[in-house]
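Nothing in this text is a laboratory measurement; each read-out follows from the coordinates by a stated rule. Bear in mind the structure is a predicted one, so any value in this text is a computation, not a measurement. Positions of Cβ are backbone-derived with ideal geometry, glycine not excepted, and every protein chain shown enters the neighbour counts.
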Amino acid sequence: MNATSHSFNDWYSLTGQRMVDWDKNGLSLKEAEAYLMEYFSDFPAASVEVGKYIAENWTSRRVKMLNPRARQILIQVCNDYELVINEGYIAR
């Protein structure tokens, strides 16, 4: 289920639950890529939330496993929101 299938209020009310789930079960590459691809949609909050989670929890090695477009969007999210990846610099 993607972010746009929820109302805005539903999305924000479930943020804590998603974080607990991602901490417990992990955030798959496929799921991260899907959310990042929504950054330029009418509801970019999912991309920003995932970008913040990745910045705080993923290693640069894991980030490099994202497809090139998702990685490019992640870098833009990090730049737009002044996020720093856990291990520092991400190579484009």
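Computed values, structure above
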{"quantity": "Note, ³J(HN,Hα) from phi for the stretch 23-30, Karplus 6.51, -1.76, 1.60, rounded to Hz, x at Gly and Pro", "calculated": "5, 7, 10, x, 10, 5, 4, 4"}
{"quantity": "Under 5 Å, built H, 5+ apart or other chain: amide partners of GLU38", "calculated": "none"}
{"quantity": "Neighbour-limited loop hits for chymotrypsin sites (Phe, Trp or Tyr not before Pro), the stretch 18-92 (at most 11 other Cβ within 10 Å; DSSP other than H, G, I, E, B)", "calculated": "PHE40, TYR81, TYR89"}
